[in-house]
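Comments concern the structure below.
Bear in mind these aren't lab numbers, they're just calculated from the coordinates by the rules spelled out. Values in this document were obtained by computation on a predicted structure and should not be read as measured data. Cβ atoms come from the backbone with ideal geometry, glycine included; neighbour counts cover every protein chain shown.
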Amino acid sequence: MVDRNTVLNYSNSMSLNSQSLFQIPSCLPADLPLALTNAALRFVPIDPGSVSAGFPSPAADYEEKRLDIHEYLIRNPVATFFFPVKGRSMEGAEIFDGDVLVVDRSITPTHGHIVIAFVNGERLVKRLHMRGKRVALIAENPDYPSIEIQEEMELVIWGVVVGKFKRLVV
């Protein structure tokens, strides 16, 4: 089994060492997304009232506000990346094929976080399970098995999913 302390062996300075699961392995694909280092801020108008998903509510006075998508989803721009989702293993967590995940590498992963992980070089999105000496990556769809991390497996927790974008069919 992989030791819980090894999984959490991470420095806020983003320095990497040979004992850390946050190492960048040589097997990583060259198409990893780029960080948002020089991205321009984009502001979108937002209505101050919420949208009722149940019974209609009386309309509030209209006052236009602006939603800064970066402020809403991105805490650390230089450590934030986007990953498109392919597959159905996380549908129970409302992550669907075609969604775009917002991933923050500056957040230390803990039990229950949805993470981008590399297992033996394969990039996955799964829920991180760390209890006692057990480390596993849990699918959120019963049609997909969990991955129990064994000592001989290479596990890299690459970042923590903090949000997603979904384009609706219109």
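Around Lys164, which amide H atoms from residues at least 5 apart in sequence, or from another chain, sit under 5 Å from its own amide H, with H modelled in the peptide plane?
Val102
Give, as a single signed number, the net charge of other residues whose beta carbon lies under 11 Å from the beta carbon of Val162, with Lys and Arg counted +1 and Asp and Glu -1.
+2
By the gyration tensor of its Cα atoms, with a ≥ b ≥ c the square roots of the eigenvalues, what is the shape of segment 130-170: rounded for a/c under 1.5, prolate for a/b over b/c, or oblate?
prolate
For segment 154-170, take each phi angle, set θ = phi - 60°, evaluate the Karplus expression 6.51 cos²θ - 1.76 cosθ + 1.60, and give the result in whole Hz per residue in order, putting x for glycine and proline.
Rounded to whole hertz, the list is 8, 10, 10, 8, 8, x, 10, 6, 10, x, 7, 10, 9, 9, 8, 6, 10.
Under 20 Å between alpha carbons, and skipping anything fewer than 8 positions from Lys86 in its own chain: which lysines qualify?
Lys126, Lys164, Lys166
Apply the Karplus parameterisation 6.51 cos²θ - 1.76 cosθ + 1.60, with θ equal to phi minus 60°, to every residue of segment 133-140 and state each ³J(HN,Hα) to the nearest whole Hz, in sequence, with x for glycine and proline.
Per-residue couplings from phi come out as 9, 7, 10, 9, 10, 9, 7, 10 Hz.
Counting only residues 5 or more places away or on other chains, whose amide H sits under 5 Å from the amide H of Ser146 once H atoms are built in the peptide plane?
Ala139
Compute the signed sum of charges (Lys and Arg +1, Asp and Glu -1) over the other residues within less than 12 Å, Cβ to Cβ, of Met90.
Summing Lys/Arg as +1 and Asp/Glu as -1 gives -1.
Using modelled amide H (1.01 Å from N, peptide plane; none on Pro or chain starts), what sits under 5 Å from the amide H of Met90, excluding residues fewer than 5 places away?
So Met90 has HN proximity to Glu140.
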